[in-house]
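Asks: Here it is: the structure, laid out below.
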Amino acid sequence: MFKKWGISAAAMLLAAVVILPGCGSKQAPKEALQGAASKAAAMTSYEMKSKFVINNLTIDAPSEQSTGMTAQVLSMLKNADISVDGVYQADPMQTEMTLVLNLKGDMTMSFTIPMVMTTEKLYVKIPSIPFLPIPENVVGKFVMLDLKKLAEQEGTEFNPGMLDTQKTQKLSNEVLSTLLAEYDESKYFNNIDPKDANLPEGVDAKQVVQFQITNENVKEAVTIFVNNALPKILDILSKEEYKNLLQIDQKQLDEAKADLQNSEKKAEFDKNLAKLDQYLAVNQFRFNTAINKDEFPVYQDLALDVKITNPDDGTKVGLSLTGSNQYSKINEKPAFKIGIPQGSDVITEEELQQQLGSLGSY
């Protein structure tokens, strides 16, 4: 975990951990985020809209490693966007969402995939995909996946607790509180005026908190995360309720913590961290959380622009993306548009495989 690429991954993981459902009078930024994280645990139903756009993706590899396929994939992914509209309720657990994927470039195409999840079942509507010969008589039907059966096929025990969002929110709250305690509020967090936050129409926020990592503080941020926050986060994950939730083996957690305390690995980490600016450039990373008068996190948006260089072969990867999450109708009676598929609209996994015939998989 302390290899050169591992430090870049740690920087991104640090960013990802902060991106948790994040607060009245305006509070200090860290206090507001902690309050919003706690409040998020009380979200028993909501509607949500998410969207991510890959504004730019480049791979500058040695000529002998470059291929026409790489160029084609990059062309498709540049300006690609994925959006999800959904409705969630905790009890009884039911989630429905419609995923839309738009690919650009020479092979422009769009997929719309509605999905419904209950405690033990996942229903996925079969789309029409031009380059896959899916039989017309199954296109538009929902394939039903038995989550318990899938777990058994993979040799694991089905754990319905993994879908316990309240327990997940509790875990997120503990991790976020632990993480925030390690960082200097003046260096990493800011309150920004809601009118300057480019909030979408309909989002009423009393406060917007911004978390930001720059080239100037990324080394310090990664060091704090690995040396201070990560050991405490591993302790949180070692709690029995969270091990069961995430199906984590205590042995794995112990090994990870031992790695953090290993003097040789710490020396290697410090050595590679000192050269971080040679293979990671953070042109922009900021994440905003808009908090309404009831202290719920109602909108979040991300802007990321990084360049990573592989020190071994010189390959350079550039990634720029933007994303947002919007929550509305929090704790109101949910209005499901799809409902739980039934009857002739549903086929089993085995029936789909039979229809696909020689394809053998989907």
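Asks: State whether the residues of the stretch 244-251 include one that is assigned to a loop (DSSP other than H, G, I, E, B), open to solvent by 60 Å² or more (accessible area, probe 1.4 Å), at pLDDT 90 or above and on the phi > 0 side of the Ramachandran plot.
Replies: Going residue by residue through the stretch 244-251, those that are assigned to a loop (DSSP other than H, G, I, E, B) are 247-249.
In the following step, the residues that additionally are open to solvent by 60 Å² or more (accessible area, probe 1.4 Å) were identified as 247, 249.
Keeping just the survivors that are at pLDDT 90 or above gives none.
No, the stretch 244-251 contains no residue that is assigned to a loop (DSSP other than H, G, I, E, B), open to solvent by 60 Å² or more (accessible area, probe 1.4 Å), at pLDDT 90 or above and on the phi > 0 side of the Ramachandran plot.
Asks: Might you check whether a residue that is of a type outside the set (A, V, I, L, M), open to solvent by 70 Å² or more (accessible area, probe 1.4 Å) and over 24 Å from residue 93 (Cα atoms) occurs anywhere in the stretch 222-238? Reasoning before the result, please.
Replies: From the stretch 222-238, those of a type outside the set (A, V, I, L, M) are 223, 225, 227-228, 231-232, 235, 238; that's our starting set.
Cutting the leftovers down to open to solvent by 70 Å² or more (accessible area, probe 1.4 Å) gives us 232, 235.
Keeping just the survivors that are over 24 Å from residue 93 (Cα atoms) gives 232, 235.
Yes, because at least one residue in the stretch 222-238 is of a type outside the set (A, V, I, L, M), open to solvent by 70 Å² or more (accessible area, probe 1.4 Å) and over 24 Å from residue 93 (Cα atoms).
The rows are residues; the columns are (1) under 30 Å from residue 93 (Cβ atoms); (2) not in a helix (DSSP H, G or I).
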residue	(1), (2)
169	yes, no
172	yes, no
180	yes, no
190	no, yes
195	no, no
200	yes, yes
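Asks: When you check residue 131 against the structure, is it closer than 30 Å to residue 110 by Cβ, touching a Phe, Trp or Tyr at 6+ places or on another chain (Cβ under 6 Å) and among the aromatic types (Phe, Trp, Tyr), yes or no?
Replies: no
Asks: While we're looking at this one, here's another question. If only one of 316, 307 is closer than 21 Å to residue 213 by Cβ, of a type in the set (D, E, K, R), over 17 Å from the mean Cα position of the chain (by Cα) and buried (at least 16 other Cβ atoms within 10 Å of the Cβ), which one is it?
Replies: On the way: 316 fails: buried (at least 16 other Cβ atoms within 10 Å of the Cβ).
It is 307.
Asks: Taking the stretch 45-86 on its own, how many of its residues are open to solvent by 60 Å² or more (accessible area, probe 1.4 Å), modelled with pLDDT of 90 or more and among the charged types (D, E, K, R)?
Replies: Total meeting the criteria: 3.
Asks: Let me ask another. Report, by residue number, each residue of the stretch 22-44 that is modelled with pLDDT of 90 or more, of a type in the set (S, T, N, Q) and in a helix (DSSP H, G or I).
Replies: Matches in the stretch 22-44: none.
Asks: Right, another one. List pairs: first residue in the stretch 119-134 and under 22 Å from residue 342 (Cβ atoms), second residue part of a loop (DSSP other than H, G, I, E, B) and basic (Lys, Arg) anywhere in the structure, Cβ distance under 7 angstrom, at least six positions apart or on different chains.
Replies: Close Cβ pairs satisfying both conditions: 126/141.
Asks: Are any residues in the stretch 319-333 open to solvent by less than 60 Å² (accessible area, probe 1.4 Å) and in a loop (DSSP other than H, G, I, E, B), and if so, which ones? Step through it out loud before you land on a result.
Replies: Keep residues of the stretch 319-333 that are open to solvent by less than 60 Å² (accessible area, probe 1.4 Å), which gives 319-328, 330.
Of everything in the stretch 319-333, just one residue is open to solvent by less than 60 Å² (accessible area, probe 1.4 Å) and in a loop (DSSP other than H, G, I, E, B), namely 330.
Asks: Taking the options 269, 296, name whichever one is within 25 Å of residue 38 (Cβ to Cβ), open to solvent by less than 30 Å² (accessible area, probe 1.4 Å) and among the aromatic types (Phe, Trp, Tyr). Working first, answer last.
Replies: Numbers: 269 fails: within 25 Å of residue 38 (Cβ to Cβ).
It is 296.
Asks: Which residues, counting only those in the stretch 118-161, are open to solvent by 50 Å² or more (accessible area, probe 1.4 Å), within 27 Å of residue 80 (Cα to Cα) and not in a loop (DSSP other than H, G, I, E, B)?
Replies: If the condition is that a residue be open to solvent by 50 Å² or more (accessible area, probe 1.4 Å), within 27 Å of residue 80 (Cα to Cα) and not in a loop (DSSP other than H, G, I, E, B), then 125 is the only one that fits.
Asks: Before we move on, is residue 177 among the hydroxyl-bearing types (Ser, Thr, Tyr) and surrounded by fewer than 18 Cβ atoms within 10 Å (Cβ to Cβ)? Working first, answer last.
Replies: Numbers: among the hydroxyl-bearing types (Ser, Thr, Tyr): yes; surrounded by fewer than 18 Cβ atoms within 10 Å (Cβ to Cβ): yes.
In short, yes.
The values are calculated or read from the model by the stated rules, or taken from the named source; none is laboratory data. All figures in this text were calculated on a predicted structure; none of them were measured in a lab. Virtual Cβ from ideal backbone geometry, glycine too; neighbours counted across all protein chains shown. Surface areas here come from the heavy atoms of the whole protein model, side chains and all, with no ligands, DNA or RNA. Shrake-Rupley method; radii C 1.70, N 1.55, O 1.52, S 1.80 Å.
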